[in-house]
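Just below is one structure, and these are the notes that go with it.
Computed from the coordinates by the stated procedures, all read-outs in this text should not be read as laboratory data. Everything quoted here is computed from the prediction, not taken from an experiment. Positions of Cβ are generated from backbone atoms using ideal geometry, with glycine treated the same way; all protein chains shown enter the neighbour counts.
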Amino acid sequence: MRPRHDDPEIPDSIEARDLEKSARAELKTLSKENADWVARHLVAASVYLDVDPELAHLHAQSAARRAGRIAVVRETLAITAYATGDFPLALRELRTYRRISGRNDQLPLMVDSERGVGRPDRALEVGRSVERSTLSAAVQVGLAIAMSGARLDLGQPELALAELEIPQLDPDRAFSYSPALFSAYAEVLEELGRNAEAADWRARADRAEAALAAPAESELVEIFEVELEEDDEPAAAEDMAAEASDAEATEAPEASVVPDASDVIDDPGAVLEDDVAAVLAEGEHLEREADAASADPTDVTDQIDEDTPDGPVPHAD
């Protein structure tokens, strides 16, 4: 028999339409009434996950009892189980979610759950089972952090640091995953006794978090800082003014300068004095040929045939 489960109460403020659109689409195989009921429990699980993991897990269990074959439901149950420290259940549900959905986006959680049950070696195997280039940047970062933790579990801090040295470890730019990555890197540096470097990366993590909390037009923010000494400010202003003056001098037209033939020879629309002379000479040549043709047409035709390698030119009627 199943253990008794009392469905937790769902606040009236939570509605089915609060669930993400993609998740609602997965519930279309259910009846309308059941889909709305499950959706509200999933939303409640998300709302309570950080403040009351146990309550969030109860909501996830309720949803799973009504829609156990839906991928997003099993994913939510796995996440809430992990949050409550039930790593065996989290692993079981993550495997089920992966089998149903065919996705690897929860691979970092699987690696961490293997660590949770005391199997860091197995955690590394799971992490290496998928080609990282097939994962999104955020999942790659989560996986690197989980793999680094497994290395620390095995007493391998140098390898733990290497796991985190990925392209996303950019000290000058921050994405949503950057604060966690920077903090993990600082933690491993401290483990290696490199405290000064660790302090720098913790400061970067703080700056990244503060920058991401501020309103921005893009999920990418620049977090590097450029400091200008007060004594350098006038000099910098003078340099900028000089550069602007040079730019204006370069861009200003020189109306008094008349270009010679070498300056305009590449202009398809340019006509030079030499070109005019050539045209007049060509005209005189054509007139002489016309006079010769009228005097002896046969000779002209024969001459054209001889000079034309591709054969005779057709005569006009």
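Tabulated results
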read-out: Rounded if a/c under 1.5, otherwise prolate or oblate - the stretch 104-231, Cα gyration tensor axes; value: oblate
read-out: Within the stretch 100-153, GluC sites (Glu not before Pro) in DSSP loop having at most 15 other beta-carbon neighbours inside 10 Å; value: GLU131
read-out: Euclidean distance between Cα centres, the stretch 51-130 to the stretch 176-191, Å; value: 24
read-out: Rel. contact order, % - alpha carbon contacts under 8 angstrom, at least six apart, the stretch 104-231; value: 20
read-out: Three-way shape label, the stretch 1-103, alpha-carbon gyration tensor, a/c 1.5; value: rounded
read-out: Residues TYR177, TYR185 arranged by fewest to most Cβ contacts within 10 Å; value: TYR177, TYR185
